[in-house]
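Shown next, in structure tokens, is the structure this report addresses.
The values are calculated or read from the model by the stated rules, or taken from the named source; none is laboratory data. Everything quoted here is computed from the prediction, not taken from an experiment. Here Cβ is always computed from backbone atoms with ideal geometry, including for glycine, and neighbour counts include all displayed protein chains. To get the accessible areas, we keep the full protein, side chains included, count just its heavy atoms, and leave off ligands, DNA and RNA. Shrake-Rupley method; radii C 1.70, N 1.55, O 1.52, S 1.80 Å.
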Amino acid sequence: MDTSAVQRGPTDAELVGMLQTMIAARIYSTRCFNLQRQGRLGTMAPIDGNEATVVGCTYALQPEHDWIFSQYREFYALGRYGEEVIRRQVLYLAGHPEGSCYPAGVNVFPAQISLAAQIPHAVGMAWGQLRQGLPGVSVAFFGDGASSEGDFYEAANFAAVIKAPVIFMLINNGWAISTPTARQTAAATFADKAAAFGMPGVRVDGRDPIAVWEVVAAARARAVAGEGPTLVEAVTYRLGHHTTADDPTRYIPAEDMAAARAKDPVITYAAQLRELGLWDDAAQAAAEATAQAAIDAAVDAALATPLAPDAFFDHVYAETTPRMERQRALLLELEGKGQS
Ligand SMILES: Cc1ncc(C[n+]2csc(CCOP(=O)(O)OP(=O)(O)O)c2C)c(N)n1
Ligand SMILES: [Mg+2]
């Protein structure tokens, strides 16, 4: 297999780019959280704690060839897939259906709220890539909680049998809403589950973007060499609310959260790059200002876009069913816009 990318490791520019993207992700997510509290955006799931995993992974990919299938928390950190991702994510939170459809060339699938349903989609895409001889891989992000769903077992089993070029990125952030990992599985690690499928399972520090980069680069090299899928368990800790509808202080002991915050990946990775001489106060200020300007522009544009209350009917099927047309008419009537 081609191990050149694995052997070279990330360049200095990529190391810096990863930190800029992680900082931006935290700023985007925090801003959207606050706007939900003000009633200006809808329910959202903050990314806090997952930044290093998502960014380390995407920097090891080739966005022009490799497809991303996310759960609901990763979008803020997909900056390597282009600024359009954050613009669409904010549109989505503002209620616009087109916010979950990406334009051609942005290889990102819509958010998936139904746990694990994105995993068979990723394997299906990878199967297509394999059959068409395309050079890319598909990556499925999913949580420790999602790993208990049948969709994960079915998709992983099938992927291993057909040697699909897919990477299963299981983000173990300690929690599935209020269920701790100790109540999620009796296995010693989530990575151990790979053995039953006949694929490699790798456990990596999900708070270390360089470690994640290396593991994903190796998994990608295997996948494109026709050697099949890899299960990666990235271990981190959820630093925020499950969603804006959650209150983690009711079930996470304050000392556990304080210990996790002391290992906040955005802070520890910045310190690491300062030690390497790749980061300083000016770089930090510039990264924050750039991210702030980008999120301000995305939010202003989303909130200024008129929202048709029935727009979501247009994006379910190519042809709307009679039942949905009746529902649309009823909705418009209730909105005072349809039959008066
Ligand atoms: C099929 C299905 N069952 C239950 C839920 C409700 N639910 C939403 S998020 C969640 C927890 C998921 O935890 P995990 O997969 O670890 O992801 P995390 O939120 O930690 O990123 C649950 C149970 C759902 N969305 N879909
Ligand atoms: Mg989780």
- Is it the case that Tyr81 is open to solvent by less than 30 Å² (accessible area, probe 1.4 Å) and farther than 23 Å from Ala311 by Cβ? yes
- Out of all the residues in the stretch 174-201, which are among the aromatic types (Phe, Trp, Tyr) and under 19 Å from Gly228 (Cβ atoms)? Phe190, Phe197
- Message: Can you pull out every residue in the stretch 109-144 that is open to solvent by 10 Å² or more (accessible area, probe 1.4 Å), without any contact (Cβ under 8 Å) to a residue 40 or more places away in the chain and within 16 Å of ligand 1 (Cβ to nearest atom)?
- Response: Pro110, Ser114, Ala117, Pro120
- For the stretch 86-99, how many residues are in contact with a His (Cβ under 8 Å, 6 or more places away or on another chain) and under 15 Å from Arg73 (Cα atoms)? 0
- Note on the structure: Being surrounded by 15 or more Cβ atoms within 10 Å (Cβ to Cβ), in contact (Cβ under 8 Å) with a residue 60 or more places away in the chain, among the charged types (D, E, K, R) and part of a helix (DSSP H, G or I) narrows Glu233, Glu214 down to just Glu214
- Return the pairs, sorted by first residue and then second, in which the second residue is near ligand 1 (Cβ under 8 Å from one of its atoms), the first residue lies in the stretch 170-189 and is not assigned by TED's automatic domain parsing to the domain that holds Gly143, the beta carbons are less than 9 Å apart, and the residues are 6+ apart or on different chains. none
- Since Asp192 meets every condition but one in (1) touching a residue at least 60 places away in the same chain (Cβ under 8 Å); (2) away from ligand 1 (no atom under 16 Å from the Cβ), which condition does it not meet? (1)
- Query: Going through the stretch 180-201 one residue at a time, which ones are in a helix (DSSP H, G or I), within 16 Å of ligand 2 (Cβ to nearest atom) and surrounded by fewer than 20 Cβ atoms within 10 Å (Cβ to Cβ)?
  - Reply: Thr181, Ala182, Arg183
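Residue-by-condition table, conditions (1) modelled with pLDDT of 90 or more; (2) in contact with a Lys or Arg (Cβ under 7 Å, 6 or more places away or on another chain); (3) part of a loop (DSSP other than H, G, I, E, B):
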{"position": "Ala260", "(1), (2), (3)": "yes, no, no"}
{"position": "Ile267", "(1), (2), (3)": "yes, no, no"}
{"position": "Ala286", "(1), (2), (3)": "yes, no, no"}
{"position": "Thr290", "(1), (2), (3)": "yes, no, no"}
{"position": "Glu319", "(1), (2), (3)": "yes, no, yes"}
{"position": "Arg323", "(1), (2), (3)": "yes, no, no"}
{"position": "Lys337", "(1), (2), (3)": "no, no, yes"}
{"position": "Ser340", "(1), (2), (3)": "no, no, yes"}
- Task: Answer yes or no: is there a residue in the stretch 247-263 that is of a type in the set (D, E, K, R), surrounded by 19 or more Cβ atoms within 10 Å (Cβ to Cβ) and over 19 Å from Ala176 (Cα atoms).
- Result: no
